[in-house]
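I have placed the structure first, in the form of structure tokens, so that the comments after it can refer back to it.
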Amino acid sequence: MTLQHIERTVGVGRREGNALPMDSLRLAGRASGRILSRYGVLLGFLALWQVAASRGWVNAAVLPPIDAIIVALWKGVAGGSLLGDIAISLQRAGLAFVAAVVVAIPLGLVMGQARAVEMALDPILQLFRQTSALALYPVFILLLGLGEASKVFVIFWATLFPLLLNTISGVKEVDPKLLEMARVYGARQLTIFRRVVLPGAVPSIFVGLRLGATTALLLLIASEMIGANKGIGFQVMNAQYNFQIPLMFAAIVILAALGLIANQALVILQRRLCRWSNPAG
Amino acid sequence: MATPSGGAVTIRDLSKSFSLGGRKLAVLRSLNLDIRSGECLVIVGASGSGKTTLLRILAGLERADDGGVAIDGREIEGVGEERAVIFQEPRLLPWLTVLGNVAFGLEVRGIAKAEAEKRARFYIALVGLAEFADAYPRQLSGGMAQRVGIARALTVQPEILLLDEPLGALDAMTKISMQEELARIWSEENVTMVMVTHDLEEAVYLADRVLILPKEKGGAARLIDVDLPRPRDRSESRFVRYREELLREFGLH
């Protein structure tokens with residue numbers, strides 16, 4: 001922030017020198033320089049991929065050129081053949097994520113406040129947390145069948161823990177000096193919770209939400225690779241079986257895009273809710 | 001905005017001890033003290049003499065083992081609306097603006113937001129932060145943040161203002177200007193002020209009376225009247241003599 005500020009001040013100083021075209025040129029140069037320094041490595045990686053695949057340095061059947069992947073992606077999305085898969089995947093992950101939020105955040109708020117509840121629940125929580133959700137997936141299939149229920153449940157299960165643990169630690173890490181301050185002004189327990197504990201825990205809850213969103217997508221794919229006939233994860237596996245490699249990569253790109261969008265949406269929401277903790281204002 | 005007069009404190013046979021590693025450690029032993037309505041009493045004492053404990057008992061944040069505290073004749077039980085505390089740290093809520101923080105005390109006491117903010121603005125101006133009403137705590141310097149804490153305490157218009165080393169964490173220059181500010185606020189607000197400090201010059205600058213708590217067993221608390229006109233001049237010979245008298249109490253002169 002400070003650096004940008006200095007740059008801008010210098011720029012204004014120069015403008016008096018009647019050198020406008022030079023200045024805008026320099027600004028454009030600086031903007032492209034910023035893009036290059038941020039995305040240069042990524043662009044280089046994609047270029048290397050494209051060249052290696054089209055020149056035959058690698059087997060194009062296994063690693064198709066970028067343009068072939070883009071064509072497959074376009075066909076799948078604009079042509080509509082992948083839209084149904086995207087919809088069902090979003091439904092599974094979304095349902096599980098929302099359910100995890102609804103369970104984990106209230107439970108975490110209670111556990112963070114009531115020591116007795118936390119002490120009682122902690123051992124079983126640690127046991128569940130350390131058991132891989134994927135290892136439990138066959139158990140869930142046995143209990144819930146191979147349909148939607150077991151898929152949604154395994155995603156829910158895995159998403160629950162990062163959310164719950166971050167909510168608990170958010171509540172516990174609220175500065176006791178702030179709680180005492182509120183008490184001195186006569187705030188009752190509920191007011192202290194609403195006005196001090198809850199806002200203080202929000203940043204940590206957001207860490208949980210972002211971890212949870214990543215986990216949900218991870219488990220979505222894993223669950224769709226077993227016993228599904230629709231969904232992005234299914235498409236990745238199915239395309240590979242049928243040797244439709246560009247389609248396989250197109251499905252992978254969609255997954256990456258979903259992850260990026262979910263994360264960015266949460267980042268924006270966090271900025272709006274926690275303007276106070278955000279140094280950029 | 002003057003507060004109704006009141007805020008006389010009676011402390012009778014007050015004792016408090018802590019257990020430390022199985023041993024009982026008495027910090028206050030049968031303390032008796034009358035704090036007059038509207039006076040500025042400054043408490044000094046070596047560390048471990050119980051000065052902060054005394055203030056926390058007055059605030060209602062800790063309970064005495066024995067004896068009691070009465071305000072205007074009524075025994076206190078816990079925190080009360082006639083008291084406000086200024087801590088060593090500003091203790092601001094980082095998600096509220098300066099205005100929100102100063103209004104906080106009134107809002108948790110059930111005053112409507114609009115009215116609370118109106119009163120808060122008055123005290124924000126009083127501590128010289130009118131331009132910063134919409135700033136967040138992280139944007140403030142240490143001295144400014146402490147002013148916000150002071151404004152928050154004043155906004156609830158307490159009869160008794162309890163200050164626990166409020167300037168202890170500030171640099172020397174800020175500290176002096178804040179001492180002047182506290183002296184001004186005290187003279188304008190008609191409030192009983194009880195302040196703990198380890199800075200003897202600060203004690204002489206602000207106090208009507210200085211209470212010196214004994215450190216050793218069996219020692220008696222001592223009260224010194226600071227009979228100096230206000231505003232006080234730190235370089236005046238009588239000021240210096242009071243300071244030396246306090247230093248002697250601590251065996252430092």
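Values for this structure:
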quantity	calculated
In segment B:139-234, the GluC sites (Glu not before Pro) that fall in loop regions by DSSP, at most 15 other Cβ within 10 Å	B:Glu216
Calculated diffusion of segment B:36-162, Stokes-Einstein form, Kirkwood radius summed over Cα pairs, 25 °C and 0.890 mPa s, µm²/s	156 µm²/s
Gap separating the Cα centres of segment A:102-126 and segment B:28-49, nearest whole Å	44 Å
Within chain A, helix-based [θ] at 222 nm, where runs of 4 or more DSSP H residues each add -39,500 (n - 2.57), nearest 500	-27500 deg cm²/dmol
√(5λ) per eigenvalue of the Cα gyration tensor, the protein assembly as shown, largest first, Å	63, 32, 19
R0 of 22 Å, Cβ-Cβ distance A:Leu266-A:Leu198: FRET efficiency to nearest 0.05	0.75
Computed FRET value (nearest 0.05) for B:Glu216 with A:Gln189, which takes r as the C-beta separation and R₀ as 41 Å	0.50
Kyte-Doolittle mean at least -1.0, axial Cα span of 30 Å or more - DSSP H helices of chain A	A:20-54, A:83-113, A:148-172, A:198-224, A:245-273
Out-of-range pairs (alpha-carbon distance over 32 Å; input A:Lys177/B:Lys16; B:Lys51/B:Lys118; B:Lys16/B:Lys118; B:Lys24/B:Lys175; A:Lys177/B:Lys175; A:Lys75/A:Lys151)	B:Lys51/B:Lys118; B:Lys16/B:Lys118; B:Lys24/B:Lys175
Cα pair distances of segment A:77-277 binned at 5 Å [whole percent]	1, 7, 14, 16, 16, 14, 11, 8, 6, 4, 2, 1, 0, 0
Stokes-Einstein diffusion coefficient of chain B, Kirkwood radius over Cα pairs, 10 °C, 1.306 mPa s, in µm²/s	84 µm²/s
Dipole magnitude of segment B:92-157 about its Cα centre (Cβ charges: Lys, Arg +1; Asp, Glu -1), debye to nearest 20	120 debye
Rough spin-label spacing in nm, given labels placed 7 Å along Cα→Cβ, for A:Gln130 and A:Ala87	4.4 nm
Rounded to 5, the percent of DSSP beta bridges in the protein assembly as shown classed as antiparallel	55 percent
For residues of B:84-96, the mean tally of beta carbons on other chains within 10 Å	5
Filtered GluC sites (Glu not before Pro), segment A:128-198: DSSP coil and at most 15 other beta carbons within 10 Å	A:Glu173
Helical contribution to [θ] at 222 nm, DSSP H n ≥ 4, -39,500 (n - 2.57), averaged over chain B, rounded to 500	-10500 deg cm²/dmol
Of the GluC sites (Glu not before Pro) in segment B:1-95, those whose Cβ has at most 11 other Cβ within 10 Å and which sit in DSSP loop	B:Glu77
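Values in this text are rule-based calculations from the coordinates and carry no lab data. Since this is a predicted model, take the numbers as computed values, not measurements. Glycine gets a Cβ as well: all are built from the backbone with ideal geometry, and neighbour counts include every protein chain shown.
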